[in-house]
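In what follows, a structure is listed as structure tokens, so that the remarks can point back to it.
Read the figures in this text as sums done on the coordinates, not as results from a lab. The model shown is predicted, which means the values in this text are computed figures rather than measured ones. No Cβ is skipped: glycine too gets one built from the backbone with ideal geometry, and neighbour counts run over all protein chains shown.
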Amino acid sequence: MDYDIIIGLEIHVQLQTESKMFSWCGTEFGLPPNTQTDPVSLGLPGTLPVMNRKAFELALKTAVALHAEIAPFTKWDRKNYYYPDLPKNYQISQYDLPFSHGGWIAIPRRKDGGGGGRCGLTRVHLEEDTGKLMHAAGGLSEVDLNRAGIPLLEIVTDPDIRSPADARGCLEELRLTLRYLGVSDCEMQEGSLRCDANVNLHIHRDGDTIATPIVEIKNLNSFRAVEKALIYEIERQYKKWRDDGLTIKDAAKTTRGWSDAEEVTKPQREKETASDYRYFPEPDLVPVVADLAWLARIRESIGELPAARRDRFESEYGLSPYDANVLVEQGQDVADYYDDVARATGQYKLASNWIQQDVLRTIKEKKMSVAEFPVAPAALADLINRVERGELNTNQGREILGRMIETGDPAEIIIEMGGYRMVSDRDQIAAAVDAAVAANPQAIDELKRGKKKPEAVKGFLRGQVMKQTGGKANPALVGELLEAKLAESLQ
Amino acid sequence: MNSATATALLAGLEQGAISSEEIVIGLLDRADRLKRLNVFVHLDPDHVLSQARAIDKRRRSGDSVGPLAGVPVAIKDLLCVEGEPTTCGSRMLRTFRPPYDATVISRLKQAGAILFGKTNMDEFAMGSSTENSAYGPTLNPWDETRVPGGSSGGSAAAVAAGLAPIALGSDTGGSIRQPAAVCGIVGLKPTYGRVSRYGLIAFASSLDQIGPFAHDLADTALILKAISGHDPRDSTSVDDSVPDYPATLGTPPESLRIGVVPEFFGEGLDPEVESAIREAIRVYEQAGATIRKVSLPNSRSGIPAYYIVAPAECSSNLARYDGTIYGHRAADFSPRYPGEESLAPMVRMMMASRAEGFGAEVKRRIMLGTFVLSAGYADQYYNQALKVRRLIRNDFDSAFKEVDVLIGPTSPTPAFKLGERTSNPLAMYLSDIYTITANLAGIPGLSIPCGLTKSNLPIGLQLLAPAFAEEKLLRTARVFERATDWHLKRPGVKE
């Protein structure tokens, strides 16, 4: 089984704007059918589109972030076809002069060593979304035009992707980038990020390369579905080729739909004739000129993007690629939070551990955002510093953080109120050590006879000392005094 | 009063000599008695009266009123008026009542005008005779066996017959100027972008422009000022200040270089029309104008280019009328022809609705437009036509380097007989041979009355000016109007 997998994605992203691409109509998701409409988005006779400048700016921002070249002059075209979810029976889109050219998405490196490299972009253009058809019982179809006219970015990649995991990674990286840019919420379930995948195989046999017919997979409603559908489809194509030997020269591109429930792809109805969209320039809109000053303002508005941030976390804070990625892929607010804590403490690795273990777990459990997390970066930094200075041990720190999350109080107050201050009094700890050794003669006996490993016995005795001091004893001091006591007892 | 201009009515209203209510009662009465002309497709007396009473009340109470306060304006039935039927002369939109006002309608309302009915038109503004209407033809008030021109024939006839002092129409290839010419009134197609198209039900978006009909230039200037200006709802409307057309109308233009276009005196030009135009040129000469011959070599490609661009846009603009969201929906869409059984019911519904809803000329243009945009043909037709359009624009640019305005006939013939050209689309298309190039170039064009044939049919003089030079156009036309009395002629319509 020697073949290359060839995958290209066609991605649609709804841009997050308050009003639609060509009208003042609102864009809120999840409202009753046909309530987010106005005469323009309904395509009522006599209405005219007016370009939403904000939407165009978000598109420019995205293209710049995807390393694309911005066209100085771009225009709108009408794509003509009849379908009930398209109120005007034409879609305002871009044909021969899209607003950007080229660009690429970084394919993230995976833990297993896979991934890496770039996926080139064939084109990125802006258009208006269509409405939605809902097929009800009894062969009845209902049209919801709430979605009609929402700004939609079409991103078509080159066939640069070589595995289903990379396809997923590429799409996840795109989502992360768009979320960092704040241009889209990219929810596949809600349809603000949609993806179709084109796939075929280049089979190597006897020094020849044979390409299988291309299949477009639709109905991919999650990142998991993208990966699973591709895995399924690759196997299916390979088996099919072994059965019928059909190659790309023998069969046209076909469309298959992914069934989440059955985990298979199934053939979808094909159009009987090639569609002719009769594109022509949209006469109701004027061309857009993206001048240099406008582009400069947009470039300035773009903050640090995920790829750059991962690099910086590794170089500035010395984090491992794994840790850097975990913090970055949680989203901009988590990465910002980490930046703040790390800078305030100077304890980069500790800050990363505390955030990954405690902060992320809590916000996941409580389903809150970092913005809602009650402990501010400075407060967490203060707690980490206390642990680092030895005022608290790690377990105490954990407990205090729990209280800080509950109450919103700073560590200082909780420490005072809860008597958390660590005991570093030599005499007090020495007394506790003596008591522990006296109460456990069998431990000394075991040590003497070498029945157990010394570390295990010492650990047990350390636990006894901590128990006596209510967990407040300075662990370093306990260790030191216990070593001294044991040395004395074993003589 | 039936032949009064808006300017005269406004003077009467301001002096308190007459009320708006009295004006509209008189006009409603006349409309009732002239129903045979088939000018209005919708005229609601109660709605008209309540508007008139409201404006009279405001005037009496001393409130400030707009520049058209109390003046009735007839509206071509493709301009959306909130809650009022707006049918485009089509069966397709028989039940359509827009939930919003066209921008020109809002501006008329703001100016205090009374919306006086919706006027008949060729279906979706496609035609030159108003015979392509689902509501039957409108008759020419000068000779009721003849057409009033088109597509804005209802609005032109309304003004000519004294059913409204002023009216609005739309002009895609001559649909204001040609009916104005054959109805003996003034008609202006403003520069593309001068007047907002928002709420104008589109025929061909890159060519359509709304404009006024009136008895004379003073009224034309008045209404033009009221409807012009930038509209954030129309991206193609130009953000430029609007000159005070009425204020400057009386001042003769500083420069009066007039270009006579030989291509406008070609084959098919009626001799009586030609001699009236030659006479008009002499009038200008006597007024001190420099007359110069200026060629528009590409104008003969105007009709072919237009009949590619306009149908192409129309095929797309009219695609939305499929019975799904609005428009006529066929009650029966069972398969009628072999092969239709395999089509989805939804597709058959769209097909049957469009087959029933549209008339023959609209279907002809949709098919033409679909064809010229099709893969493999677009380069040959549509893209070629866009090149011709640029050449025509260049012709005008060079011409206007030499002269201030261009002069010629509006229409090659006076009003023709009802039915005379209905079976010959090409003959019908040639009615617009002199007007179409202005739409392709986006420049303003004006038709003013300049004579009557021996059989008492009006003749129109067309003046063309550079883009956004309406002020110059009106002032130049006023030189002629001042020297003649054609604008005072009225048809003897029997009530």
*asked:* Can you tell me which aspartates and glutamates have their Cα less than 18 Å from the Cα of A:LYS132? Leave out same-chain residues fewer than eight positions away.
replied: A:GLU28, A:ASP38, A:ASP85, A:GLU142, A:ASP144, A:GLU154, A:GLU187, A:GLU190, A:ASP196, B:ASP322
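Past 23 Å, Cα to Cα, is the threshold; run A:LYS111/A:LYS349; B:LYS293/B:LYS417; A:LYS61/A:LYS218; A:LYS20/A:LYS61; B:LYS293/B:LYS454; B:LYS189/B:LYS417 against it and keep the listed order. Could the numbers behind the result be given before it?
Details: A:LYS111/A:LYS349 19 Å; B:LYS293/B:LYS417 33 Å; A:LYS61/A:LYS218 28 Å; A:LYS20/A:LYS61 18 Å; B:LYS293/B:LYS454 29 Å; B:LYS189/B:LYS417 25 Å.
From the list (A:LYS111/A:LYS349; B:LYS293/B:LYS417; A:LYS61/A:LYS218; A:LYS20/A:LYS61; B:LYS293/B:LYS454; B:LYS189/B:LYS417), the Cα-Cα distance tops 23 Å for B:LYS293/B:LYS417; A:LYS61/A:LYS218; B:LYS293/B:LYS454; B:LYS189/B:LYS417.
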_Per-q log10 I(q)/I(0), segment A:3-294, q = 0.13, 0.14 Å⁻¹ (Debye; single scatterer per alpha-carbon; no solvent)_ = -0.98, -1.12
_Percentage relative contact order, chain A, counting C-alpha pairs under 8 Å, at least six apart_ = 13 percent
*Before rounding to the nearest 500, sum -39500 (n - 2.57) across all DSSP H runs of length at least 4 in chain B and divide by the residue total; then give [θ] at 222 nm in deg cm²/dmol.*
-11000 deg cm²/dmol
_Checking understanding here: applying a Kyte-Doolittle mean of at least 1.0 and a length along the axis of at least 27 Å (C-alpha), which whole DSSP H helices in chain B pass?_
none
*Does anyone have the angle between helix A:475-490 and the longest principal axis of chain A? Alpha-carbon axes, 0 to 90°, nearest 10?*
40 degrees
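How many Cβ atoms of partner chains, on average, are near each residue of B:197-205 if near means within 10 Å of its Cβ?
Values: counts 3, 7, 6, 3, 4, 6, 0, 1, 6.
Across B:197-205, the average partner-chain Cβ count within 10 Å equals 4.
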_Cα-based shape type of segment B:6-252, given that a ≥ b ≥ c are square roots of the gyration tensor eigenvalues and the cut on a/c is 1.5_ = rounded
*May I ask for the angle, rounded to the nearest 10°, between helix A:164-181 and the longest principal axis of chain A, with both axes built from Cα atoms and the value confined to 0 to 90°?*
90 degrees
_Taking chain B and dividing mean pair separation by its residue count, relative contact order in percent (alpha carbons under 8 Å, at least six apart)_ = 18 percent
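So what is the 222 nm mean residue ellipticity for chain A from helices alone, if each DSSP H run of at least 4 adds -39500 (n - 2.57) and you divide by all residues, rounding to the nearest 500 deg cm²/dmol?
On the way: 16 runs with 200 residues, N = 491.
The helix-only estimate for chain A comes to -13000 deg cm²/dmol at 222 nm.
For segment A:426-489, which semi-axes, largest first and in whole Å, follow from the square roots of 5 times the eigenvalues of its Cα gyration tensor? Kindly include the intermediate steps, with their values, before the conclusion.
Numbers: eigenvalues 72, 24, 21 Å².
Whole-Å semi-axes of the equivalent ellipsoid: 19, 11, 10.
Normalising by the residue count of segment A:426-489, find the relative contact order in percent from Cα pairs under 8 Å and 6+ residues apart. Walk me through the numbers on the way to the answer.
Details: 41 pairs, mean separation 29.9, N = 64.
Relative CO of segment A:426-489 lands at 47 percent.
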*Give the angle, between 0 and 90 degrees and rounded to the nearest 10, that separates the Cα long axis of helix A:394-407 from the longest principal axis of the Cα atoms of chain A.*
60 degrees
_Whole-Hz ³J(HN,Hα) from phi, Karplus 6.51 cos²θ - 1.76 cosθ + 1.60, for segment A:331-345, glycine and proline x_ = x, 4, 5, 5, 4, 4, 4, 4, 3, 5, 5, 4, 5, 6, 9
*Can you find, among A:ASN385, A:PRO164, B:VAL493, the residue farthest towards the positive end of the dipole of the protein assembly as shown? Put +1 on the C-beta of Lys and Arg, -1 on that of Asp and Glu.*
B:VAL493
*By the gyration tensor of its Cα atoms, with a ≥ b ≥ c the square roots of the eigenvalues, what is the shape of segment B:282-369: rounded for a/c under 1.5, prolate for a/b over b/c, or oblate?*
prolate
_Would chain B count as rounded, prolate or oblate if I go by the C-alpha gyration tensor, calling it rounded below 1.5 in a/c and otherwise prolate when a/b exceeds b/c, oblate otherwise?_
oblate
*Note down the magnitude of the dipole of chain A about its Cα centre, charges +1 on Lys and Arg C-beta and -1 on Asp and Glu C-beta and zero elsewhere, to the nearest 20 debye.*
1020 debye
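Per Stokes-Einstein, at 20 °C and 1.002 mPa s, what whole-number D in µm² s⁻¹ belongs to chain A, with the Kirkwood radius over Cα pairs as the hydrodynamic radius?
Values: Rh = 27.3 Å.
The calculation lands on 79 µm²/s.
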*Over the alpha-carbon set of segment A:304-418, work out the extent along each principal axis and list the three values in angstrom, largest first.*
44, 31, 18
*Compare the peptides B:112-118, B:294-300 by average per-residue count of other Cβ atoms within 10 angstrom and give them in order, highest first.*
B:112-118, B:294-300
*segment A:28-90: which chymotrypsin sites (Phe, Trp or Tyr not before Pro) are DSSP loop and have at most 16 other beta-carbon atoms within 10 angstrom?*
A:PHE29, A:TYR81, A:TYR82
*Mind jotting down the three principal axis lengths of the protein assembly as shown based on Cα atoms? Whole angstrom, largest first.*
143, 80, 58
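Suppose we take every Cα in segment A:123-205 and form the convex hull; what volume per residue is that in Å³? Display every interim value, and only then the final one.
Working: hull volume 12.2 nm³, N = 83.
Spelled out: Cα convex hull of segment A:123-205, divided by residues, is 147 Å³.
Can you tell me the order of A:126-132, A:275-281 when each peptide is scored by its average per-residue count of other Cβ atoms within 10 angstrom, highest first?
On the way: A:126-132: 22.3, A:275-281: 17.9.
Going from most to least packed, we get A:126-132, A:275-281.
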